[in-house]
Amino acid sequence: MGTHTVPTSERLAKLRELMKKKENDVNVYVVPSEDQHGSEYIAECDERRAFISGFDGSAGCAIVTLDKALMFTDGRYFLQAGQQLDDNWTLMKQGLPDVPTWQEYLINHLGPSSRIGIDATLIGAENSSNLSKNLEKTKSSLVSLSTNLVDIVWGSSRPARPKNPIFHLDEKYSGESHTSKLTRVRQHFVSLAEKEREKDKNANANLNGPKVLVLTALDDIAWLFNLRGSDIAYNPVFFSYAVVHLEEEGKAILFLQRDGIETDVLNSLQEKLGEEVEIRDYDGVWEYLKSLGKELNLTEKQVAIPNTASLAVAEAIGTNLTNTMASPITSLKAIKNDVETEGFRQSHIRDGAALARYFAWLEERLQLIEEGKEKELTEWEGAEKLEEFRKELALFKGLSFDTISSTGPNGAIIHYSPDPKDCAVIKQNQIYLCDSGAQFFDGTTDVTRTWHFGTPTDEEKRAATRVLQGHIAIDTAVFPNGTTGYIIDSWARRALWKDGLDFRHGTGHGVGHFLNVHEGPHGIGTRIACNETPLKKGMTVSNEPGYYADGKFGIRIENVVIVKEVQTPNNFGDKGYLGFERLTMCPIQTKLLDQKLLALDEVKWLNDYHAEVWQKVSPLLKNDERALKWLEKECKAI
C-alpha cells in the first residue's frame, strides 16, 4: 500500500461511456465489497476496485454514477482511502453519523427507475436478493451484465488470474482425513432433516431436504479436501468450486484449474482423494450447475448454497432450486482439532523466535544509525528483514499477509503496508508498530507489537497502557457457553473509554489453520455479525485492541488465542464456562507503559506472560546471542 493517489479521470470517463452503451444501458455501476473471507469473488472485487479508484484496502465498495464516484469503507481505512483517492472520488465513511451504507445509498439516494449495473460473479446471491427487494420501492433494479465493465476499461494490462500450484496437506498436520470430513458434512444434513421432522411430523425431510451442497468459499474447499495452494493474497488457497452429493455413497466433484497442474501432480492429488472425489476442469462448473436440476430431477430448495455464494452461482443453478444457508464447512473448520491446536502452539513458539531476532536486530540497528555508524532503514527494509528471519523457521510456507511495518504517523493507518519505492524511514524517536504473520504447515500466525526505541512521551505511554489493559481484559475473560464476541468486545475498550479513547476496528477475528488469516464465522467486535456465532471450545481468535492518534502514532497489541474450557467454583445454569489460552509468544514492551495505571493483577499477568515467553522461546535462540539478551531484557519482571 502506498499513500499516493492514482489518477482516475480517464478510467472513469471510459467506464461511463461503457455504462451508456445500448447493450449495457445502466446509469450506475457498482464494484461491491462483500467482506466475506474466502469467498470465490473477494479477491476479484479488491483488484477491480483498486484499479478503478486507486484505493487498495481490503474492504470498500465503489459506486460510479454518470456524474459521481463514491467510495464506501469503514474506520480501518479512513486515513488510507483519504490519501489514495483522487479528487474524482467522495469518501463515504461508513459507521459515522448520517453516513449511509452503500446499499442504503442505492436504495435512498438515487433517482427513481435507476438501472444499477453489477457483475453477478462479484455480489452475493443473498445480498443481491435483499437489495433488489428494497430497490422496488423506487422502481430501480439491479442489472446483471454479461461482461465486467472495469475489465474492459482495464484491457490487456489486467494481470491474468494466477494458476497456483496445489498440494495435499498431510493428516499429521490436518488431524483428520477428507473422507471423515465429508462424512461429517453429510451427517450435518441428516441432522437438519431430523430437526425438520421434529417440527412437522408429516414432513418427509429426506425427500424435501437438500440433495446437493455447492461450495464456493476457497478456504472451505481447501479445508474439506485437505488441499492447499501456493497462495491467493497470502492465503494458501486455490481457485476452485466443489459440489458434494449428500447421499451416503455420493460423490464429491472438485473443479480445479487442471491446465495449471502438472500431470503427475494431478494424478497424485486424485490418488490422495480417492474414488469418492472426482476432479474436473474449473471452467466446467457453470455448465454442470446449469444441468444439476434436470440431471438429478431436483425440486425446489434441494441445492444448498452458502450465504456467501455469488449471484452468478444461484442464477446458474436456478434460484428456485437453491436453498441459501450458512456453510456447514465454515463452522466445522472454525473448531480446531487436537492436532491443529498443538500445531498452533508450536508454530507460534517458532514464530516468537523470529520476532525476537528481528526486534533485537532492529533495536541495535537504530542505535547504530543514531550514532552515524549505519545508513537509514526504511519500513519496507524492516519488513524484508523480518521475513528473512521467518524463512529460516521449520515448516515455513510464506507470510500470512503484507507486513504492516509502520513508523510514527503511518502507524495510525490501521492497515498500512509500506511501498518499497516510497515509504518512511524508521526512526528511533518514533513509535514503531509492526503487525505481521506467517503461514506454516502446522499453523497460521498473526501478531502485532508496538515499540519505542527512544524515549516515549507521556501521551504515548498512557495510551499504550490503556491498550494493554484492554488486551488483558480479553485474555483473562471467563464467560458462559453461548456467549458471542459481540458481548465481550466492550471489555477491550473499557480502559480506553476511561480516557475518552477508542479504536475503529473489531477486537478480534478468527484465524485459519494454515489457511486464511481472517476466518469466520466468529469474531470479537461491534458489528452485529459478531453476535451471530457463539465462541466455542477450539475456536482461534485474535485479541488486538489498539489506539490511533491521526497524524502522530498508532498502538496495537495483538495475540492469537484459542477458546478453552475453564473450571469455575460454580456452574450457574449448567452452561459450562470458557476462557482463552494465549498462543502468541512475544514480549510486550514495558518501557512503553505507565506502570502507575496498572492494577496488581495486571502487573502479575504481564510478568507471568513474560515468564512464559522466556521459558518457551529462549531455547530456540541459543545460536543468536543478541536476540537472547534482548529477550531476557524485555521479559524482565516489573
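The values are calculated or read from the model by the stated rules, or taken from the named source; none is laboratory data. Remember, it's a predicted structure, so these values are computed and weren't measured experimentally. Cβ placement follows ideal geometry from the backbone for every residue including glycine, while neighbour counts extend to all protein chains displayed. Quick note on the areas: whole protein, heavy atoms, side chains included, nothing else; ligands and nucleic acids left out. Shrake-Rupley method; radii C 1.70, N 1.55, O 1.52, S 1.80 Å.
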Quiz item: Could you work out the helix-only [θ] at 222 nm for the chain, with each DSSP H run of four or more residues adding -39,500 (n - 2.57) and the total divided by the number of residues, to the nearest 500 deg cm²/dmol?
Solution: -11000 deg cm²/dmol
Exercise. Determine the equivalent ellipsoid of the stretch 350-461 by diagonalising the alpha-carbon gyration tensor, then write out the semi-axes as square roots of 5 times the eigenvalues, largest first, rounded to whole Å.
Key: 24, 15, 13
Self-check item: Percent accessible area from carbon and sulfur atoms, the chain, protein chains only, probe 1.4 Å
Solution: 48
Quiz item: Of the peptides 270-278, 152-160, how do they stack up when ordered by the mean number of other Cβ atoms within 10 Å, highest first?
Solution: 270-278, 152-160
Exercise. Could you tell me whether the stretch 275-336 comes out rounded, prolate or oblate from its Cα gyration tensor? Rule is a ≥ b ≥ c as square roots of the eigenvalues, rounded for a/c under 1.5, then prolate if a/b exceeds b/c, otherwise oblate.
Key: oblate
Quiz item: How much net charge surrounds Phe189 when only other residues with a Cβ under 14 Å from its Cβ are counted (Lys, Arg +1; Asp, Glu -1)?
Solution: +3
Quiz item: Cα axis of helix 178-199 to longest principal axis of the chain: angle in degrees, 0 to 90, nearest 10?
Solution: 60
Practice problem: Determine the per residue accessible area of the chain with all protein chains present and a 1.4 angstrom probe, expressed in square angstrom. | Solution: 43
Practice problem: Please find the FRET efficiency linking Glu248 to Thr121, where r is the Cβ-Cβ separation and R0 is fixed at 30 Å, and quote it to the nearest 0.05. | Solution: 0.35
Practice problem: Pull out the extension gain between Val478 and Thr179, defined as 0.36 nm times the separation in residues minus the alpha carbon to alpha carbon distance; nm, one decimal. | Solution: 104.1 nm
Quiz item: Can you give the net charge of the other residues whose Cβ lies under 10 Å from the Cβ of Val511, counting K and R as +1 and D and E as -1?
Solution: -1
Self-check item: Reported label for calculated semi-axes √(5λ) of the Cα gyration tensor in Å given (i) 40, 31, 25; (ii) 73, 29, 21; (iii) 67, 24, 23
Solution: (i)
Quiz prompt | Antiparallel bridges, percent of DSSP beta bridges restricted to the chain (to nearest 5) | solution = 75
Self-check item: DSSP-defined antiparallel bridges as percent of all bridges, the stretch 8-157, nearest 5
Solution: 45
Quiz prompt | Antiparallel content of DSSP bridges confined to the stretch 167-334, in %, to 5 | solution = 50
Exercise. Report the semi-axes of the equivalent ellipsoid for the stretch 338-604 in whole Å, largest first, where each axis is √(5λ) for an eigenvalue λ of the Cα gyration tensor.
Key: 31, 22, 16
Quiz item: Among 189-197, 120-128, what's the highest-first ranking by average C-beta atoms within 10 angstrom per residue?
Solution: 120-128, 189-197
Quiz prompt | Backbone HN-Hα couplings from phi across the stretch 398-409 [Karplus 6.51/-1.76/1.60, Hz, Gly and Pro as x] | solution = x, 7, 9, 5, 4, 5, 8, 9, 9, 10, x, x
Exercise. Quick one: divide the alpha-carbon radius of gyration of the stretch 376-438 by 2.2 N^0.38 Å and tell me what you get.
Key: 1.11
Quiz prompt | 9 Å beta-carbon shell around His452, net charge (K/R +1, D/E -1) | solution = +1
Practice problem: Please go through the residue pairs Lys199/Lys301; Lys375/Lys552; Lys397/Lys421; Lys336/Lys536 and name each one whose alpha carbons sit more than 22 Å apart in this structure. | Solution: Lys375/Lys552; Lys397/Lys421
Quiz prompt | Calculated over the stretch 518-638: convex hull of Cα atoms, volume per residue (Å³) | solution = 183
Quiz item: Once you have the alpha carbon radius of gyration of the stretch 8-157, what is it after dividing by 2.2 N^0.38 Å, with N set to its residue count?
Solution: 0.97
Practice problem: Amide H neighbours of Gly523 under 5 Å, at least 5 residues apart or on other chains, H built in the peptide plane: list them. | Solution: Gly485
Quiz item: Considering every Cα-Cα pair within the stretch 167-334, what fraction, in whole percent, is farther apart than 24 Å?
Solution: 35
Quiz prompt | Using θ = phi - 60° and Karplus 6.51 cos²θ - 1.76 cosθ + 1.60, couplings along the stretch 277-293 (whole Hz; Gly, Pro as x) | solution = 10, 10, 9, 10, 5, 4, 5, x, 5, 5, 5, 5, 5, 5, 8, 4, x
Quiz item: Across the stretch 210-217, in residue order, what do the Karplus-derived ³J(HN,Hα) couplings come to in whole Hz, using 6.51 cos²θ - 1.76 cosθ + 1.60 with θ = phi - 60° and x for Gly and Pro?
Solution: x, 9, 9, 10, 9, 10, 10, 6
Quiz item: On a 0 to 90 degree scale, rounded to 10, what angle separates helix 458-475 from the longest Cα axis of the chain?
Solution: 50
Quiz item: What whole number of Å gives the distance from the Cα centroid of the stretch 275-323 to the Cα centroid of the stretch 415-468?
Solution: 45
Quiz item: So what's the angle, to the nearest 10 degrees on a 0 to 90 scale, between helix 9-20 and the longest Cα principal axis of the chain?
Solution: 20
